[in-house]
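Student: Shown below is the structure under consideration.
Bear in mind these aren't lab numbers, they're just calculated from the coordinates by the rules spelled out. Keep in mind the model is a prediction, meaning the values are calculated, not measured. Ideal geometry is used to build each Cβ from the backbone, glycine not excepted, and the neighbour counts take in all protein chains shown.
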């Protein structure tokens, strides 16, 4: 039971960093800050009294979840369970970043997603009550059914599984990690290096809208892989390139507008054809 | 500097509108409660209604029916990006203020504005916040912490809170001040060009992530003259990070060209690692 305190902290922050937590910090300070694996690594590291390894685990997990998107409430992986459950379990056992990645993906894509989807289905019941309250002009009723009861349920759904997993899972994960054949341990460490490609591929899917933009992707890759530059100088170079791109676009945008002014009506209505 | 309790807009007929405190409260309650009771059916609906409770108490104290109509119309389906999307909250605040003061604004107007704008603003907000700003700041944070230093998380917390809060609060006040004109500026040609340029920065950062965070190396040994040497050393001499680049491009290809779900790609990657480890390549 030596992990009682860290397990409490992980459970608590799994709630505080959740997308649906009514955190007084607001969504900017909770889901987009406490909920990121990089920040979770610091918090879990502090809880376990080993900040360096916590942050190393956080950095490794962050790469996989770099493109966490929640659009329309649907998510492909539950980032907060993954952060605090995955990093927490890794810190409770071997403290190995590659293991943290594997555990985070496992937790986020199975248990996390199941709990998340159950909640998203079940809370319709509370929504109906909140709507009834609104129709009566009852502000207190809205607070009860929009904040109080959903937050109690959310807290239980977040805190209890994460707390229990870290308290009880430590032995299990340790046994598995210590008794696994060498090939399995090797696979987990290889997976830890390969899985960030998933997060990065998803991010490419968002930002690359045209094939020619791959040029910029390769530029970033080459500056790091061949140039040996760090991320920070590359960000400055990228800002300069983006500015030049903006200037170039402004010039080319100004020219054709002047030419096609007279035929605007034809160009603007695609339904015409 | 206006007093917090003074109405921001003074009306000729002496009616008192929203004070700075009222506006801040509308914004803050949205920030805290926007997703609290989210379900697939209603998503952010009741978060909007909850943000209007103090407003309802203040302006509809003696009009229970008007209050019920206000809270009901803001309990309808609503879903957008919660930070850039606060521009809608701002526009709606101006409209609701007008309605409460008896201006000639139809009560359906806030609902139609919300319904019309939530989609475009969600698209814009998701690509800027979740696609560019957050990943870029995280990338810098990750590189600062590659040795386990606390500098990375601290950097992210400080820069993100400053930028995120500025966007989130700024968009709200901008929407309140500009009304629907805010949207013309946001999706106007100049702003789109700026977005395109910022997107270029985002893409370059993604390239650095692929080079820095994807780690794939082969354990195959090949003959180096008389002795055996690692194939990886040869690859590093020709093209460092080649395998990482191949894996990333293949992943993107599966997601983009094949349109596979992230879960399917995850399973494919895991299966590939298992097979390649078993045959002794990785």
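Student: Can you give me the Cα centroid spacing of the range A:71-115 and the range B:10-49 in angstrom?
Tutor: 33
Student: With each pseudo-label sitting 7 Å past Cα toward Cβ, what's the residue B:151-residue B:219 distance in nm, one decimal?
Tutor: In this crude spin-label approximation the distance works out to 3.4 nm.
Student: Using the 2.2 N^0.38 Å rule of thumb for compact globular proteins, work out how the range A:1-87 stacks up: its C-alpha Rg over that value, please. Provide the component values of the computation, followed by the final result.
Tutor: Numbers: Rg = 12.4 Å, N = 87, 2.2 N^0.38 = 12.0 Å.
So the range A:1-87 has a normalised radius of gyration of 1.03.
Student: Rounded, prolate or oblate: which fits chain B when a ≥ b ≥ c are the square roots of the eigenvalues of the alpha-carbon gyration tensor, with rounded for a/c under 1.5 and prolate only if a/b beats b/c? Before the final figure, lay out each step's value.
Tutor: On the way: a/c = 3.23, a/b = 2.67, b/c = 1.21.
Since a/c reaches 1.5 and a/b is larger than b/c, the shape of chain B is classed as prolate.
Student: Moving on to the next point. At 7 Å along the Cα-to-beta-carbon direction for both residue A:211 and residue A:226, put a label point, then send me their distance in nm to one decimal.
Tutor: That separation, rounded to one decimal, is 2.2 nm.
Student: Starting from the exponent 0.38 and prefactor 2.2 Å, build the expected Rg for the range B:64-118 from its residue count and divide its actual Cα Rg by it. Show your work: numbers first, answer last.
Tutor: On the way: Rg = 11.2 Å, N = 55, 2.2 N^0.38 = 10.1 Å.
Normalised by 2.2 N^0.38 Å, the Cα Rg of the range B:64-118 equals 1.11.
Student: Stretch residue B:192-residue B:162 to full length: gain in nm at 0.36 nm per residue minus the Cα-Cα span?
Tutor: Numbers: separation 30, 0.36 × 30 = 10.80 nm, distance 2.34 nm.
Here the segment from residue B:192 to residue B:162 would lengthen by 8.5 nm.
Student: Let me ask something else about it. Given the options A:104, A:40, A:63, which has the most mean-square fluctuation in a GNM of chain A, springs set between C-alpha atoms less than 10 angstrom apart?
Tutor: Maximum fluctuation in the GNM of chain A, among the listed residues, is at A:63.
Student: Estimate the FRET efficiency between residue A:184 and residue B:246 by the formula 1/(1 + (r/R0)^6), using the beta-carbon distance for r and 25 Å for R0, to the nearest 0.05. Walk me through the numbers before you get to the answer.
Tutor: Working: r = 25 Å, r/R0 = 0.98.
Efficiency, rounded to the nearest 0.05: 0.55.
Student: Could you give the length gained by full extension between residue A:135 and residue A:239, i.e. 0.36 nm per residue of separation minus their alpha carbon distance, to one decimal place?
Tutor: On the way: separation 104, 0.36 × 104 = 37.44 nm, distance 5.08 nm.
Going from the current span to full extension adds 32.4 nm.
Student: Given a Förster distance of 56 Å, report the FRET efficiency between residue B:261 and residue B:104 from their Cβ-Cβ distance, rounded to the nearest 0.05.
Tutor: Step by step, r from the Cβ atoms, then E = 0.65.
Student: Compute the relative contact order of chain A as a whole-number percentage, counting only Cα pairs closer than 8 Å that sit 6 or more residues apart in sequence.
Tutor: Working: 315 pairs, mean separation 53.2, N = 273.
Value for chain A: 19 percent.
Student: Could you work out, for the protein assembly as shown, what percent of all Cα-Cα pairs fall into each 10 Å distance bin, beginning at 0 Å and stopping at the bin that holds the largest distance?
Tutor: 4, 17, 25, 24, 17, 9, 3, 1, 0, 0
Student: Could I ask something else about it? For the protein assembly as shown, give the share of DSSP beta bridges that are antiparallel, in percent and rounded to the nearest 5; count only bridges with both residues there. Walk me through the numbers before you get to the answer.
Tutor: Working: 8 of 9 bridges.
Close to 90 percent.
Student: Looking at chain A as a GNM with Cα springs under 10 Å, which of A:82, A:121, A:92 has the largest mean-square fluctuation?
Tutor: The residue with the greatest mean-square fluctuation here is A:121.
Student: According to the Cα gyration tensor, what semi-axes, each the square root of 5 times an eigenvalue, does the equivalent ellipsoid of the range B:141-185 have, listed from largest to smallest in whole Å? Please report the intermediate quantities before stating the final value.
Tutor: Working: eigenvalues 247, 16, 3 Å².
In descending order, the three semi-axes are 35, 9, 4 Å.
Student: For an R0 of 25 angstrom, estimate the FRET efficiency from the Cβ-Cβ distance between residue A:175 and residue B:271 and round to the nearest 0.05. Write down the numbers at each step before the final one.
Tutor: Numbers: r = 25 Å, r/R0 = 1.01.
E(calc), rounded to 0.05, equals 0.50.
Student: With a/c under 1.5 counting as rounded, go ahead and sort the range A:139-197 into rounded, prolate or oblate using the C-alpha gyration tensor (a ≥ b ≥ c being the square roots of the eigenvalues; past the cut-off, prolate if a/b is larger than b/c, else oblate).
Tutor: Working: a/c = 9.01, a/b = 2.49, b/c = 3.62.
It comes out oblate by the Cα gyration axes.
Student: Based on Cα coordinates alone, diagonalise the gyration tensor for the range A:98-178, multiply each eigenvalue by 5, take square roots, and list the semi-axes in whole Å, largest first. Intermediate values should be presented prior to the final figure.
Tutor: On the way: eigenvalues 278, 29, 11 Å².
So the three semi-axes of the range A:98-178 are 37, 12, 8 Å.
Student: Round to the nearest 10 and give me the degree value, 0 to 90, for the angle of helix B:20-33's Cα axis relative to the longest principal axis of chain B.
Tutor: Compared with the principal axis, the helix lies near 40 degrees.
Student: With springs only between Cα atoms under 10 Å, which of B:178, B:192, B:249 fluctuates most in a Gaussian network model of chain B?
Tutor: In this elastic network of chain B, the residue with the biggest mean-square fluctuation among B:178, B:192, B:249 is B:249.
Student: Treat each spin label as a single point 7 Å out from the Cα along the C-beta direction, and report the residue B:281 to residue B:21 distance in nm.
Tutor: Roughly 6.8 nm, to one decimal.
Student: Taking every Cα atom in the range B:159-252, find the radius of gyration and the maximum pairwise distance Dmax, and write them in Å.
Tutor: 23.4, 77
Student: Given the DSSP H assignment, sum -39500 (n - 2.57) over each helix run of at least 4 residues in the protein assembly as shown and divide by its residue total; what's the result at 222 nm in deg cm²/dmol, nearest 500?
Tutor: Numbers: 28 runs with 369 residues, N = 555.
Calculated at 222 nm, the ellipticity per residue is -21000 deg cm²/dmol.
Student: Using only the Cα atoms of chain A, build the gyration tensor, take square roots of its eigenvalues as a ≥ b ≥ c, and label the shape rounded, prolate or oblate: rounded if a/c is under 1.5, else prolate if a/b is larger than b/c, else oblate.
Tutor: On the way: a/c = 2.49, a/b = 1.27, b/c = 1.96.
The shape class here is oblate.
Student: Further question on the same structure: Expressed as an acute angle from 0 to 90° and rounded to the nearest 10, what is the orientation of the C-alpha long axis of helix B:262-278 relative to the principal long axis of chain B?
Tutor: In chain B, helix B:262-278 runs at an angle near 20 degrees to the longest axis.
Student: Still on this structure, I have one more. What share of all Cα pairs of the range B:61-202, in percent, falls into each consecutive 10 Å distance bin?
Tutor: All Cα pairs considered, the percentages come to 11, 34, 28, 17, 9, 2, 0.
Student: Quick check on the range B:86-150: what does the Kirkwood estimate of hydrodynamic radius come out to from the alpha carbon pairs, in Å?
Tutor: Working: mean 1/r = 0.0683 Å⁻¹.
Mean inverse Cα-Cα distance, inverted, gives 14.6 Å.
Student: Please grab the % of Cα pairs in the range B:1-139 that end up more than 19 Å from each other.
Tutor: The answer is 54 percent, as a whole percent.
Student: State, in angstrom, two size descriptors of the range B:207-246 derived from its alpha carbons: Rg to one decimal place and Dmax to the nearest whole number.
Tutor: 11.6, 38
Student: How big is the gap, in Å, between the Cα center of the range B:105-122 and the Cα center of the range B:199-227?
Tutor: 47
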